[in-house]
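Quick notes on the structure that follows.
Values in this text are rule-based calculations from the coordinates and carry no lab data. Everything numeric here is computed off the predicted structure, so don't read it as measured data. With ideal geometry, Cβ positions are generated from the backbone for all residues, glycine too; neighbour counts draw on all protein chains shown.
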Amino acid sequence: MRASLSSIIVVALLLAAGGWWFFHPSAKVPMVDNVLATPGFGAPASAGTSAIAAEPLGAHREPPAGLSEYYSARYRFSLFYPEKLEVKEYDEGGGASTITFQNVAAAQGFQIFVVPYREPQVTEERFHTDVPSGVRKGVQNITIDGVAGASFYSTNLSLGETAEMWFIHGGYLFEVTTPKPLAGGLADIMQTWEFI
């Protein structure tokens, strides 16, 4: 299951509450038909979890004022997020997790879905498993701490229009999702992402 029922309900409440993210509105991106055609979307298949797990973890970082650090030893990444967001982790089974960052009252939030993934690129089958609507608009190449990925807009029956960033690292597929009006704030947060 991609996200627990409680996280879907809370994110749906975010959409109902409306509002803009505290940073800036999202920029428009050009249309591309197929996320799978995005050059470099993914990591080499040999970049497995076992090779990364043998390396020591990176140190915690000191966040700027108003931000907190989220640090995952399990998935080996760290990012800074607004301290007014509450973090919850949901075990999805099979090594997968959903991590939510949200403030329902302020209508702010995003989630990270992490799932073990050994392919060098996201397949159509995987995309349709996680995004049954099959919608991906405005595909754009992105880089998250040196890892190639793709950002795009999609739709979800529970969430409405979404902004998503997908990338593969260390044997995991990371799917970062927020309601579309919050895309600009998410982009700023993702600039703080570091693999550890």
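The P(r) of segment 112-191 has a tail past 14 Å containing 61 percent of all C-alpha pairs. Neighbours of Pro63, meaning other residues whose beta-carbon lies under 14 angstrom from its beta-carbon, give a summed charge of -3 when Lys and Arg score +1 and Asp and Glu score -1. Site pair Val104 and Glu89 shows an inter-label distance of 2.3 nm when each label is modelled 7 Å from Cα along Cα→Cβ. By the count of other C-beta atoms within 10 Å, a proxy for reagent exposure, Trp166, Trp193 are ordered fewest to most as Trp193, Trp166.
Working ranking of peptides 101-110, 118-127 by packing, defined as the average number of other Cβ atoms within 10 Å per residue, highest first, is 101-110, 118-127.
Give me the mean projected area, in nm² to one decimal, of the convex hull enclosing the Cα positions of segment 80-156. Write out the running numbers ahead of the final one.
Values: hull surface 26.1 nm².
Averaged projected hull area, Cα only: 6.5 nm².
Sort Glu62, Glu161 by Cβ crowding within 10 Å, fewest neighbours at the top. Going from least to most buried by this count: Glu62, Glu161. Legend: ranking of residues Met190, Met165 from fewest to most surrounding C-beta atoms inside 10 Å; resulting order Met190, Met165. Multiplying the residue separation of Ser158 and Ser68 by 0.36 nm and removing their Cα-Cα distance gives an extension gain of 29.6 nm.
Sorting the segments 128-141, 146-159 by their residues' average number of neighbouring beta-carbon atoms within 10 angstrom, most packed first, yields 146-159, 128-141.
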